[in-house]
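Here is the structure we will look at.
Nothing in this text is a laboratory measurement; each read-out follows from the coordinates by a stated rule. Note that this is a predicted model, so its numbers are computed, not measured. Glycine gets a Cβ as well: all are built from the backbone with ideal geometry, and neighbour counts include every protein chain shown.
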Amino acid sequence: MSIDSKLLEIIVCPQCRGKLNLEPESLFCSPCALEFPIRNGIPVLLIDSAKKRG
């Protein structure tokens, strides 16, 4: 999945404001362990759409 690097620099986790890490089909926040989906190349940063890891 390709997301513009400039966009990745400015978006943060809506839950804790942590840095989001790009993964194949999602963005992952290490501090709060939420995984946000990427749909059609667009990150969905809604807490209700996120999955908790661990």
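Each peptide in 14-20, 41-47, 25-31 receives the mean, over its residues, of other Cβ atoms within 10 Å, and ordering these scores from highest gives 25-31, 14-20, 41-47.
Taking 16 Å as the straight-line reach from the Cα of Lys19, the aspartates and glutamates in range (excluding those fewer than 8 positions away in the same chain) are Asp4, Glu9, Glu35.
In the stretch 1-47, inverting the average of 1/r over every pair of distinct C-alpha atoms gives 10.5 Å as the Kirkwood radius. Taking Cα centre as origin and charging only the Cβ of basic (Lys, Arg, +1) and acidic (Asp, Glu, -1) residues, the dipole magnitude of the chain rounds to 160 debye.
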